[in-house]
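The values are calculated or read from the model by the stated rules, or taken from the named source; none is laboratory data. Note that the structure is predicted; figures quoted are calculated from it, not measured. Note: ideal-geometry Cβ built from the backbone for every residue, glycine included; neighbour counts use all protein chains shown. What goes into the accessible areas is simple: the full protein's heavy atoms, side chains included, and nothing from ligands, DNA or RNA. Shrake-Rupley method; radii C 1.70, N 1.55, O 1.52, S 1.80 Å.
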Amino acid sequence: MERTHVNRSISFFGLLCSGLIITGCGSGTEQNPSGIDCSGVNPTSLVVGAHTIIDAQTACARIPAASSQGAEYLYLALSTQGEVTDGGDSVGYSLRGSSPAVAAVAPMTRAFSRVARTSNPAAAFHARLRERERELSRLPSAALFDQSRTLATAVVRPSVGDKRTFKVCATAQCDDFVQSSATAQIVGQRVAIFLDDTVPPGGYAPADLATVGQLFDDHLYPIDTTAFGHESDIDNNGVVVVLLTPRVNQLSPNCSADNSVILGYFFGLDLLPSQANSNAGEVFYGLVPDPNNSACDISKSFATDNLAPVFIHEFQHMISFGQHVLTRQGSAEVTWLNEGLSHFAEELGGRQVPDASCPDFQSCADEFLGNGDIPNAFTYLADPESFFMIEPGSSQGSLGERGANWLFVRWLADHFAIDTVLGTDLTRKLDATSLLGSENVTAQTGVDFSTLVSEWQMANYLDDLPGFSEPTGRLRYKSWNFRALASANGLAYPLIPDSTMTGAYQHDGFLRAGSGRHVRIIQPPSAGGVDFVLTASDSTMTVPASATPRIGLVRVR
């Protein structure tokens, strides 16, 4: 699990959209914006609130002339390619708009956010682990687990004071391992917490570990197992083992300068006993306080504040690997959906853990979402074209990607779960299968993946837009009002599309899998029709079919 490094968790609301700088720019366009002829395409007539999704191989979207009341549309160009590729599905495109009735070139307005698009070291580490899990799960030995072996023998639980040696990732690539000698400090009904015998001074107090152990037993374990299914128990000890060790801190040696720290992790290698360096059991890992380390200063408050979110996040990864690989002898879930579900687990913690269990925060929503899901989501929404939602197999990791992963799973739960707030019947089905990624989502929802991604991207702008309503209810989030959340904290909603009032528009960019570009087309009263043409970068060919390009069009007013 990854988060931006701070010495103390800040308020849930105080972190939202921190660092976003809104500016503007202008440009124009020519009257014949591309070499593609749209004259044979009929205008798309929509009533207010209606939407349509167009296969972008058509390239042309034609909007009819406005009535005396004027009109407004949201136009969306996106890639709905759902298959994970090593380098990521990203294609260059050119988008041109014009209004045949307007002779002059009119300016386009653009509000954008300057967000960090560079790799986040902690997110990159987890992306590598997820991809390595997929490689490991394809090995013949991954199918050898026989659950009946553990069921036939008596459970042997660890005891407080037990000593154990673990093999822990020694590098951020996890291509080398180091031993950690540790002692069991807490053994509860569902969890055994081991503490490395070489922790730095200023570390966890026994009460800190007892508190998080009880929280896991009482709340985190039932939340995760209800939402995702049960973990395996290949070591037949009846508990999930957590190792808290400075070896995790050492994976982020310069976290103070990088502003990024690996808080903890699960690695599916531990559930494959035949593989070298496997700990042959259900284990995940967390960091320890190290307040005197100037290169990576981890205060005790920062470490303890993040224990519970790490536990609930990494436990989902453990369940997912067991369900997909051991129980169903399939491959590990793809990164984007796997991470989306783990971030959804954090949200469930924020919703279901009683606030009395989060005494250092204003609420449990602060603890479980305030440094992760919400700021990551707002980072994505500030510039969705710049991030993958379907991140590559070789992803270097970004918190914007994680924000997109969570938002999509959240939107799916809103519309395809029985309980749309908790969404656990849907999330459980997404883990309890051998299907993966987009195929998994399509199977569990019964809706084509391209339609889902297109409607989700529309919802990212239209959610609770003042004065807008539409009959299907799909173009919004049922469980969140992100506009109100931003407004309550004095922030503009981060997704601010380009806009044109004359139809004149131009933009060249890249469509990344699952993401795209939003444009408002505003027609004054009795304005002429508007043509928008989406092409490949050369403006003469359509966007390659490999990107599964789509055009979303919504009549806003």
Report task. With the checklist (1) in contact with a strand residue (DSSP E or B) (Cβ under 9 Å, 6 or more places away or on another chain); (2) modelled with pLDDT of 95 or more; (3) under 28 Å from residue 135 (Cα atoms) in hand, flag the one item residue 224 doesn't pass. Result -> (1)
Query raised in the report: Do we find a residue being in contact (Cβ under 8 Å) with a residue 60 or more places away in the chain, in contact with a Pro (Cβ under 8 Å, 6 or more places away or on another chain) and either of a type in the set (Asp, Glu) or open to solvent by less than 10 Å² (accessible area, probe 1.4 Å) (or both) anywhere in region 429-444?
Result: no
Report task. Kindly establish whether residue 419 is without any contact (Cβ under 8 Å) to a residue 40 or more places away in the chain, closer than 24 Å to residue 554 by Cβ and touching a helix residue (DSSP H, G or I) at 6+ places or on another chain (Cβ under 8 Å). Result -> no
Query raised in the report: Do we find a residue being touching an Asp or Glu at 6+ places or on another chain (Cβ under 6 Å), open to solvent by 30 Å² or more (accessible area, probe 1.4 Å) and within 23 Å of residue 133 (Cβ to Cβ) anywhere in region 164-180?
Result: yes
Report task. Return yes or no: is residue 503 in a loop (DSSP other than H, G, I, E, B) and surrounded by fewer than 17 Cβ atoms within 10 Å (Cβ to Cβ)? Result -> no
Requested in this report: Could you please find all residues in region 46-71 being open to solvent by less than 30 Å² (accessible area, probe 1.4 Å) and either more than 31 Å from the chain's Cα centre (by Cα) or of a type outside the set (Val, Ile, Thr) (or both)?
Outcome: 46, 49, 50, 56, 59, 60, 61, 63, 66, 70, 71
Report summary line: Within region 332-361, restricting to residues that are open to solvent by 20 Å² or more (accessible area, probe 1.4 Å) and of a type outside the set (S, T, N, Q), the one that is nearest to the chain's Cα centre (by Cα) is 351
Query raised in the report: With respect to the numbered conditions (1) under 23 Å from the mean Cα position of the chain (by Cα); (2) open to solvent by less than 10 Å² (accessible area, probe 1.4 Å); (3) closer than 26 Å to residue 166 by Cβ; (4) of a type outside the set (A, V, I, L, M), which one is the sole condition not fulfilled by residue 364?
Result: (3)
Query raised in the report: Residues in region 503-541 that are closer than 27 Å to residue 474 by Cβ and either among the β-branched types (Val, Ile, Thr) or within 25 Å of the chain's Cα centre (by Cα) (or both): how many?
Result: 15
Query raised in the report: Which one of these is surrounded by fewer than 23 Cβ atoms within 10 Å (Cβ to Cβ) and under 22 Å from residue 389 (Cα atoms): 549, 544?
Result: 544
Query raised in the report: Looking only at residues in region 81-93 that are crowded, with 18+ Cβ neighbours inside 10 Å and more than 16 Å from residue 509 (Cα to Cα), which one is modelled with the lowest pLDDT?
Result: 84
Report summary line: Conditions (1) within 16 Å of the chain's Cα centre (by Cα); (2) open to solvent by less than 30 Å² (accessible area, probe 1.4 Å) -> residue 396 fails only (2)
**Report entry** Condition met for residue 470 (among the acidic types (Asp, Glu) and either surrounded by fewer than 19 Cβ atoms within 10 Å (Cβ to Cβ) or in a loop (DSSP other than H, G, I, E, B) (or both))
**Finding:** yes
Report summary line: If we keep only residues of region 224-254 that are of a type in the set (Val, Ile, Thr) and surrounded by fewer than 22 Cβ atoms within 10 Å (Cβ to Cβ), then the residue farthest from residue 344 (Cα to Cα) is 234
Report task. Exactly one condition in (1) modelled with pLDDT of 95 or more; (2) more than 30 Å from residue 157 (Cα to Cα); (3) surrounded by fewer than 20 Cβ atoms within 10 Å (Cβ to Cβ) is not met by residue 327; state its number. Result -> (2)
Query raised in the report: residue 150 is checked against (1) modelled with pLDDT of 55 or more; (2) outside any loop (DSSP other than H, G, I, E, B); (3) not small (Gly, Ala, Ser) and fails just one. What number does that condition carry?
Result: (1)
